[in-house]
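Single-structure report; data block below.
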Amino acid sequence: MSDSAADLSLIEVLRLLERRKLSARELVEDCLRRIELAEPTIRAFVTRTPDLALEAALRADKARAAGKPVGPLAGVPVAVKDVFLTEGVLTTAGSQVLAGYVPVEDAAVWERLAAAGAGMLGKTTTHEFAYGTASTPTANPWDVRRTPGGSSGGSAAALAARMVPIATGTDTGGSLRIPAAACGVSTLRSARGRISRYGVIPLSPSFDVAGPMARRMLDISILMRVLAAHDPRDPATLDGPCPPYPLEPPRDLTGIRIGLPVEMSWQDVDARIAVVCREALDLLVGRGAELVEIENPPNTKEVLEKSTGVFDTINDSEAHQFHDAFVPRSHLYTPQVRERVRKGERISPQRYRKALRLRDQWTRDWRQLMEIHRLDAIAHPTIDAAPPLIDHTRPPKGPRIRLSVPWSIADFPALSVPAGFDARALPVGLSLAALPEREADLLAWGIRIDEDLQLWRHGPPTATAEN
């Protein structure tokens, strides 16, 4: 990679901006140059808003020059997933159903980022209505023949290609974590209710979470300090103090016990991916942590066998409720998503309520398991195979959700941190999950791995139209 400001992590950028060794305008212009270079191949953006990013940068530079106080993200450009409402800026959720839709208000996440001084660089691609794990037409910067994952694939690809230092996404069954792993970037699916979902086009309210993405895990902690807050417009948001999100990694992990659910999350995983994840976990062991293999989790077998079905039942039912309003425009959906939306019609209220009960059981069982084994976290690969190759003759196909969906069901915060590269030179993501009350600790353990490996310094080959 070059010495461009576009290659820097958020915390590096903020230090330079504060010392006025870099201007926000220079940062945005470097990102725009990277977009011009990579976007013809990567296609991460649905809508570009360079003027908005430059305006925010100029305001920040002017305020800093005058010695006036600025927000914690003043002048920093951000990519916003195209399911967040943005006043005056096209918001389509990746669907012809919403073609031409320009909101008259902002989503809470964008409100908070803008209030912190960030500037919108553009809206990024998503699997249509976030209902899948591919993000057509976006390509993976590490191998443009492959999908970047999804549904927040545009944000992950824009980060990996160094088009932007920070981005937003959403996660229902893995839509933050899966593309983060596929593209070698960092993210956190926080506990549900930590970040307001007001103004986010929903998929399944029982599972939907909005969250940050960045190349460096420490940057996620900075963004959580901006985004986490109670919002009365979203009744599900937590009304209480936010955790003390860490700004440095812990040095000593003595006493920390990390569970490895072998049957659930390590079997049937590509061996090239599994070995990279175990090597990353060894970094925590070297600092005192203990790995605890869990062969047969007690009291979870029934729910484990039905976990994907539980998720699908709730997700499909709630998605159908939202999309029922678009029936007159159902011909505008892609065939793949139209069929997924229709699946909800076949779910009875009794089946839906049973799935909700099984979800509660799953949560109780995992809390009990954490207590029995005295576990602080659960670890496994974020995805079980390399991102699929893109086949334009078939419906979009992304990575499987089987490893990420358990924590959506249990409502445990879960992160994906870059763990290394496999034998194909593709990035590998490691997932860590923990109890909601341990969210700040969870982030600290992810930061520890990330700071030891420093993979954010390694970017993919510059994508150009000639690749």
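Other residues lying with their Cβ under 12 Å from the Cβ of Ala66 contribute a combined charge of +4, Lys and Arg counting +1, Asp and Glu -1. Amide H contacts of Ile390: Arg146, Thr147, each under 5 Å away and 5 or more positions distant or on a separate chain (H built 1.01 Å from N in the peptide plane; Pro and chain starts excluded).
Counted residue by residue at 0.36 nm each, then reduced by the alpha carbon distance between them, the extension gain from Phe322 to Thr308 reaches 2.9 nm. By the equivalent-ellipsoid construction on the alpha carbon gyration tensor, segment 1-43 comes out with semi-axes of 22, 10, 8 Å, ordered largest to smallest. Applied to segment 308-324, the Karplus parametrisation 6.51 cos²θ - 1.76 cosθ + 1.60 on θ = phi - 60° returns per-residue 3J(HN,Hα) values of 5, x, 4, 4, 4, 4, 5, 4, 5, 5, 6, 5, 5, 4, 6, 7, 4 Hz, with x for Gly and Pro. In a fully extended conformation the segment linking Asp282 and Leu247 would gain 10.4 nm over its present Cα-Cα distance, using 0.36 nm per residue. Placing a label point 7 Å from the Cα of Ala385 along the Cα-to-Cβ direction, the residues of segment 134-149 with a backbone N closer than 17 Å are 134-135, 145-149. Ranked by the mean number of other Cβ atoms within 10 Å per residue, highest first, peptides 219-232, 80-93, 174-187 order as 174-187, 80-93, 219-232. A simple spin-label model places the labels of Arg394 and Arg357 3.8 nm from each other, with each point 7 Å out along Cα-to-Cβ.
Annotation for segment 408-467: chymotrypsin sites (Phe, Trp or Tyr not before Pro) lying in DSSP loop with at most 12 further Cβ atoms inside 10 Å of their Cβ do not exist. Using the Cβ-Cβ distance between Arg145 and Asp452 with R0 set to 35 Å, the FRET efficiency works out to roughly 0.70.
What's the local net charge at Val292, with K and R +1, D and E -1, over the other residues with C-beta under 12 Å away? Taking every Cβ under 12 Å from that of Val292, the sum is -2. The simple spin-label model puts a point 7 Å past each Cα toward its Cβ; for Ala425 and Glu290 those points are separated by 4.2 nm. For Val292, the residues whose amide H sits under 5 Å from its own are Ile258, Gly259, Leu260, ignoring neighbours fewer than 5 places away on the same chain, with H placed 1.01 Å from N. For segment 141-183, the C-alpha radius of gyration sits at 1.02 times the compact-globule guess of 2.2 N^0.38 Å, with N the residue count. Of the trypsin sites (Lys or Arg not before Pro) found in segment 320-415, those in coil by DSSP whose Cβ has at most 14 other Cβ atoms within 10 Å are Arg374. Per-residue ellipticity at 222 nm, computed for the chain from helices alone with -39500 (n - 2.57) per DSSP H run of at least four residues, works out to -11500 deg cm²/dmol. Segment Thr254..Ala66, full-extension length gain: 62.9 nm, with 0.36 nm per residue of separation and the alpha-carbon distance subtracted. Along each principal axis, taking the top coordinate minus the bottom one, the Cα set of segment 301-362 gives 41, 20, 14 Å in descending order.
Put simply, the C-alpha atoms of the chain give a gyration tensor, and the ellipsoid matching it has half-axes of 31, 27, 22 Å, longest first.
Since every read-out is calculated from the coordinates, none of them should be taken as a lab result. None of these values were measured; they are calculated from a predicted model. Because the Cβ atoms are built from the backbone with ideal geometry, glycine has one as well, and the counts that use them run over all protein chains shown.
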